[in-house]
Amino acid sequence: MFDVWKNVLADLEQTVAHTSYITFFTNTHLISINNQIVRIGAPNVFIVRQLRGKYNNDVKSALKKNNIAFKEVEYVVESSTSIRKKAKGREVTGGEVKVASAVTKSLPRRSGGTVKVFGTGLNPSYTLDSFVVGSNNDLAVSIAKNIIEHPGEKYNPFFLYGGPGLGKTHLIQAIGNEILRKHPEMKVLYTPTNHFFSEFIEMIKKNKGDAFSQKYRKLDVLIIDDFQQMIKKDRSQEEFFNIFYDLHQNNKQIIVTSDRLPSQIATLDERLASRLTWGTGAIDLQMPTFEDKCAILRSMADYKGAEIEDEAISYIAENVKTNIRDLEGELAHLLAIAELRGKTPLEIINDGLATGSTVVKRTGGVVRPRKVVEKVAKSFGLSVEEMTGKSRVAHIKTARQVAMYLLREELGLSLNKVAAETGVKDHTTVMHGVDKIKEDMKLNFNLREQISSIRESIYE
């Protein structure tokens, strides 16, 4: 039964625009056909909304063409790991905003007492409903939902890492806000790492170290952001270690983010580094795929109440190669110019006025494979001859594999052509090299940044 969906997709590919097909259909799948109700799964709420509102007739036509009898077609969010995200939106109530802000007042406990609300450090606008789920983050979101339901239990501590601008701060603050909605009596605190240590140093100067310690030990949920900023001072690290240990022993939830793994933070005490991954190991947020970026951009545009064409969404998703934060910046840039000039976003793009600071500039003609090889070699401090030679030295081999990766991902060269450009024997070596770099980028923050820099340089 499910093989027929491939035939449906093949028909859809012929009837809808190519960019629309890539964005909205390539990651869909047939869930079931029961009682003449066809259920189709898509990875996020944005795609579900587009399928239901814009492409429903196309889908129905393709189903009929493939002799599938139906009365109704349903679209549901179901990612590749079968993690479902509720699509129904929700507004933050006034009471919830008060809980998530630094208001000093009393709220009723479920037990009948009162609890004093202190500054949480949370931004109430960060919610799970506004966090777009994709293949790059669905595992992290699944764990986040479990933590919201059962703080301090299964996933504790929760260590989340990834490059800048991938949504770490949004997700962890959303966890804090959701916990407060469900458990308003809980004490939740969000603080960047540098604020934690600044406060600690200030309290020590005032001889109030005990008050500082007690404040943190009374928490039910501690959320620490940007842990890579951990400073190498024995006393402050020791204080954090003791707070961490006490909270963990008392089943209080600890959430930590960083742009790299604990083992890669040079200033971090070894025993603390090992304890930070007790609960889940380290969970990473990866770079979003093209489809993920389209979904994120559409969600941002909907939130702003802005009209933008699918082709304009695809343009930004294709050309911004950095992170989600820059996606938002480019969208805002494009919408601002469109409003200023009284044109649609797509018209601005077609007029050549859309290139902002983070869009990779591709207007200088076709990029030659040789230029990519030269830029990679330069970045690794090698000559082209060294990099494309027979050496198996680790950093030369890595450089060669990065060149393979960029030639495939950026220029779309065939495997045999990549092999010829990088001096390797055959296509299987290229396949291994490209896969190796993709895997290494998940864990190696420095390599990820280096490749991003090379990518930008080849379009200069």
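Where a number appears in this text, it was derived from the coordinates with a stated rule and is not lab data. Computed from a prediction, not measured in an experiment: that's the story for all the values here. Cβ placement follows ideal geometry from the backbone for every residue including glycine, while neighbour counts extend to all protein chains displayed.
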Based on the alpha-carbon gyration tensor of the chain and its eigenvalue square roots a ≥ b ≥ c, which shape applies: rounded if a/c is under 1.5, prolate if not and a/b is larger than b/c, or oblate? oblate
Let a ≥ b ≥ c be the square roots of the eigenvalues of the Cα gyration tensor of segment 190-252; is it rounded (a/c under 1.5), or, if not, prolate (a/b larger than b/c) or oblate? oblate
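Determine Rg/Rh for segment 130-230; Rg is computed over alpha-carbon atoms and Rh is the Kirkwood hydrodynamic estimate from the same atoms. List each step's numbers first, then the result.
Numbers: Rg = 15.0 Å, Rh = 14.9 Å.
Answer for segment 130-230: 1.00.
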Rounded Å value of the spacing that divides the Cα centres of segment 407-460 and segment 58-75: 41 Å
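For a 18 Å ceiling on Cα separation, which of these pairs sit above it: K145/K215; K371/K425; K6/K60; K378/K438? Write out the running numbers ahead of the final one.
Working: K145/K215 26 Å; K371/K425 21 Å; K6/K60 15 Å; K378/K438 21 Å.
Cα-Cα > 18 Å for K145/K215; K371/K425; K378/K438; rest within.
Kindly state, as a whole number, the per residue volume in cubic angstrom of the convex hull around the alpha carbon atoms of segment 121-181. Show your work: numbers first, answer last.
Details: hull volume 5.5 nm³, N = 61.
Dividing the Cα hull volume of segment 121-181 by its residue count gives 91 Å³.
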Using a cut-off of 12 Å between alpha-carbon atoms, which aspartates and glutamates can reach K182, once sequence neighbours fewer than 8 places away in the same chain are excluded? E96, E149
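Loop only by DSSP, 12 or fewer other Cβ within 10 Å of the Cβ. Give me the GluC sites (Glu not before Pro) in segment 286-356 that pass, ordered by residue number. Walk me through the numbers before you get to the answer.
On the way: sites: E291, E307, E309, E311, E318, E328, E330, E339, E347; in loops: E307, E309.
Sparse-neighbourhood loop GluC sites (Glu not before Pro): E307.
Over the chain, calculate the relative contact order: mean separation of alpha carbon pairs under 8 Å at least 6 apart, over the residue count, as a percent.
Working: 677 pairs, mean separation 56.0, N = 460.
Worked out over the chain, it gives 12 percent.
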Excluding same-chain residues fewer than 8 positions from K208, which aspartates and glutamates have a Cα within less than 20 Å of its Cα? E199, D234, E238, E239, D246
Dipole check, the chain, charges on Cβ (K,R +1; D,E -1), about Cα centroid: among P345, F212, V430 the Cα furthest to the positive pole belongs to F212
At q = 0.23 Å⁻¹, what is the base-10 log of I(q)/I(0) for segment 266-356 according to the Debye formula with one equal point scatterer per Cα and no solvent? Please give it to two decimals. -1.09
Let me make sure I get this right: for segment 1-55, a, b and c are the square roots of the gyration tensor eigenvalues over alpha carbons, sorted descending. Under 1.5 in a/c it's rounded, otherwise prolate if a/b > b/c, else oblate. Which is it? oblate
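Using unit Cβ charges (K, R positive; D, E negative) and no other charged atoms, how large, in debye to the nearest 20, is the dipole of the chain about its Cα centre?
Values: 64 positive and 56 negative charges, 164 e Å.
With Lys and Arg at +1 and Asp and Glu at -1, about 800 debye.
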The chain: antiparallel bridges as % of DSSP beta bridges, rounded to 5, reads 30 percent
